[in-house]
1. Which of the residues belonging to region 33-42 are closer than 19 Å to Cys3 by Cα and either surrounded by 15 or more Cβ atoms within 10 Å (Cβ to Cβ) or not assigned by TED's automatic domain parsing to the domain that holds Thr79 (or both)?
2. If the requirement is being of a type outside the set (A, V, I, L, M, F, W, C) and assigned to a loop (DSSP other than H, G, I, E, B), which of these qualifies: Gly36, Gly14, Gly23?
3. Tell me, yes or no, whether region 108-121 has at least one residue that is of a type in the set (A, V, I, L, M), outside the structural domain of Tyr22 (by TED's automatic domain parsing), surrounded by 15 or more Cβ atoms within 10 Å (Cβ to Cβ) and closer than 19 Å to Val44 by Cβ.
4. Which condition number in (1) surrounded by 15 or more Cβ atoms within 10 Å (Cβ to Cβ); (2) free of Cβ contacts under 8 Å to residues at least 40 places away in the same chain is the one that Gly184 fails?
5. All but one of (1) over 18 Å from the mean Cα position of the chain (by Cα); (2) at pLDDT 85 or above hold for Cys122, so report the exception by its number.
6. Go through Ser105, Ser95, Ser50 for me and flag whichever is under 17 Å from the mean Cα position of the chain (by Cα) and in a helix (DSSP H, G or I).
7. Could you list, in sequence order, all residues of region 1-32 that are polar (S, T, N, Q) and buried (at least 22 other Cβ atoms within 10 Å of the Cβ)?
8. Pull up region 58-88, narrow it to residues that are within 19 Å of Asn45 (Cβ to Cβ) and of a type in the set (A, V, I, L, M), then point me to the one that is farthest from the chain's Cα centre (by Cα).
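The values are calculated or read from the model by the stated rules, or taken from the named source; none is laboratory data. Quick caveat, the model's predicted, so the values are computed rather than measured. Backbone-built Cβ (ideal geometry, glycine too); neighbour counts: all protein chains shown.
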Amino acid sequence: MICWELFLVFLELGAVSFGGGYGMISLLREQVVSHGWMTEENFVNMLAVSESTPGPIAVNMATFVGSSQGGVFGALCATVGVVLPAFITMLVIVSLIRNFISLPSVQAALGGIRPCVVALICSTAATLGIGAVLGVRSGSFSVSFDWRALAIIVFITAFAYAFKRFLKKKPSPIILIVISAGLGILLY
């Protein structure tokens, strides 16, 4: 039964999420926490693991959540659910309408969707940032300032800025993740 529920929840997420996995994170967090599949803290940890592992973040999150709730079959159900809407949409677009993207109505719709995706990503970043630095979690009114999390955020931001300014290119996300993990081990 849990596998069917995982499939349906992730099918819905895959159908209504635009902008890739990052645009899906806030919706995913809401669903996973409201179903009681994970706590806020577990979700943030799973998000970090999903971002660190190879592959699209939405697929990784679906696989991890599904696995934690229904084992291998749960992982398969959640992953198929999140991928199926995009797969079907792309199949229809590619097979039926070659110039679909150039249609004025499609361009207008995408123009309206882009700001929403940016807002979802910013909302997720703010929620995760506040949660990491202030220890604020949904359903909890306690605040515990975490200077170590702030120090890591400031250091990584300064490092990325200096890297781009002096080497004229963006640092690899892998380098940033490895440095963050090292700082986490050192400071925590």
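1. The first filter runs over region 33-42 and keeps only residues closer than 19 Å to Cys3 by Cα, leaving 33-38.
Passing the criteria: Val33, Trp37, Met38.
2. Gly36
3. Of region 108-121, the ones of a type in the set (A, V, I, L, M) are 108-110, 113, 117-121.
This time we only want the ones that are outside the structural domain of Tyr22 (by TED's automatic domain parsing), so: none.
So far as region 108-121 goes, no, none of its residues is of a type in the set (A, V, I, L, M), outside the structural domain of Tyr22 (by TED's automatic domain parsing), surrounded by 15 or more Cβ atoms within 10 Å (Cβ to Cβ) and closer than 19 Å to Val44 by Cβ.
4. (1)
5. The failed condition is (1).
6. Details: Ser105 fails: under 17 Å from the mean Cα position of the chain (by Cα); Ser95 fails: under 17 Å from the mean Cα position of the chain (by Cα).
Among Ser105, Ser95, Ser50, only Ser50 is under 17 Å from the mean Cα position of the chain (by Cα) and in a helix (DSSP H, G or I).
7. Initial filter on region 1-32 (polar (S, T, N, Q)): 17, 26, 31.
Ser17, the sole residue that qualifies.
8. My answer is Ala75.
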